[in-house]
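Read through the structure below, which is laid out as structure tokens, and then see the notes.
The values are calculated or read from the model by the stated rules, or taken from the named source; none is laboratory data. It should be emphasised that the depicted structure is a prediction, and the values quoted were computed from it without experimental measurement. Counting neighbours? That spans all protein chains shown, and the Cβs are built from the backbone with ideal geometry, glycine included. These accessible areas exclude ligands, DNA and RNA; they are computed on the full protein's heavy atoms, side chains included. Shrake-Rupley method; radii C 1.70, N 1.55, O 1.52, S 1.80 Å.
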Amino acid sequence: MLKNRRSRLTRFFENYSLKALLITDLRNIRYLCGFSGTEGALLVSKDHAWFLCDSRYTAQAAVEVTGAEIRECAAIRIDTIAALTDEHGFDRIGFEAAHTTVSAFRRLSDKLPGVDLIELGSELDEIRICKDSSEIEQLALVAALSSAALVSVLEHIKPGICELDIALALELEMRRRGADGKAFDFIVASGVRGAMPHGRASDKIITSGELITIDYGALKNGYHSDETVTVACGKPDARAIEIHSVVRAAHDLAIEAVRPGISCRALDDVARSYISGKGYGEYFGHGLGHGIGLEIHEMPSLSPRSTAVLEEGMAITIEPGIYIPGFGGVRIEDTVVVTGDGGRVITNADKQLLFL
Ligand code: ZN
Ligand code: ZN
């Protein structure tokens, strides 16, 4: 499996005539060699790989790292990189410019005089864009546990509790079900706060008749889940019910349109033109969704500016919304894995408007 993932680096060696690649982004390191700790580096040549870490991580690396020689760096890691570079005659090394600080780059340049350091942008993250079967299994596992956590929290929503109560209860329920943590700070936005697409849970008290948008996700084994429901506390007014039905229809249409070969821009347009046709186009200001995996937001992005095309194995979110300032908002989000002939929804909380 890791060999297969490593083969996705071949085109970088070829396109940039590289002798080696220095991987420092922890998500990419985990993806390529299995290390899940919080500090390390991976130096990859065409036929070998070295995982570099300090003594705090040697034992962990011995258990987790596959397909790379572990080098414990006694002093400064960059010295070990320089020694390997020298030993193997690497005169052209690619590095992840999107994940390298200016000062780290300067240190690298100082230690490697005469070596061409080739900047690779976020294009290197593209190796993770299509998930393999073990990743899809992890994504489905974390999605299922977080949806189950929501179901148990919904039972306790009633007028008088505050948004933070919901966020805290959700986190606790996820942990109880085996999550390593939350995927991000949950969005719990009720009533007029629902007009903020990213309204973090606050101490606002929820009152009867309000809509509540809950955008939440868990983290397990490095993989994220992401799902949004908009529920009602009591009976909301007719306009709120109408907005919910428009967003839900746009969400359902977009999910039905998921298949390999459709462009992310076209998929975004499926939901966007439906919402515009209902007169709410100006209130849907963000893209339809994003890729998800070892990062909560990763490639591909789904928006009117996207250039990507869906392929089998991609994991994406579909999350249309309508946000009306001074009134409130609705967002509905599912995580979907692109299969050979369509999309498999892996988040499973009920998306119809629930009256709690
Ligand atoms: Zn979300
Ligand atoms: Zn999302």
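Residues of segment 49-58 being at pLDDT 95 or above and open to solvent by 50 Å² or more (accessible area, probe 1.4 Å), which ones? Result: no residue meets the conditions. With respect to being outside the structural domain of GLY222 (by TED's automatic domain parsing), modelled with pLDDT under 95 and crowded, with 17+ Cβ neighbours inside 10 Å, THR24 fits the description.
Against the test of being surrounded by 17 or more Cβ atoms within 10 Å (Cβ to Cβ), within 16 Å of ligand 1 (Cβ to nearest atom) and more than 20 Å from the chain's Cα centre (by Cα), the options GLY293, GLY329, GLY321, GLY287 yield a single qualifying residue, GLY329. Does segment 267-275 include one or more residues that are surrounded by fewer than 15 Cβ atoms within 10 Å (Cβ to Cβ) and at pLDDT 95 or above? Scanning segment 267-275 turns up at least one residue that is surrounded by fewer than 15 Cβ atoms within 10 Å (Cβ to Cβ) and at pLDDT 95 or above.
State all residues of segment 195-218 that are at pLDDT 95 or above and either within 14 Å of ligand 2 (Cβ to nearest atom) or in contact with a His (Cβ under 9 Å, 6 or more places away or on another chain) (or both); if no residue qualifies, say none. Selection gives LEU211, THR213, ILE214, ASP215, TYR216, GLY217, ALA218. Candidates in segment 196-236 are the residues that are assigned to a loop (DSSP other than H, G, I, E, B) and within 16 Å of ligand 1 (Cβ to nearest atom); of these, the one that is surrounded by the fewest Cβ atoms within 10 Å (Cβ to Cβ) is HIS198.
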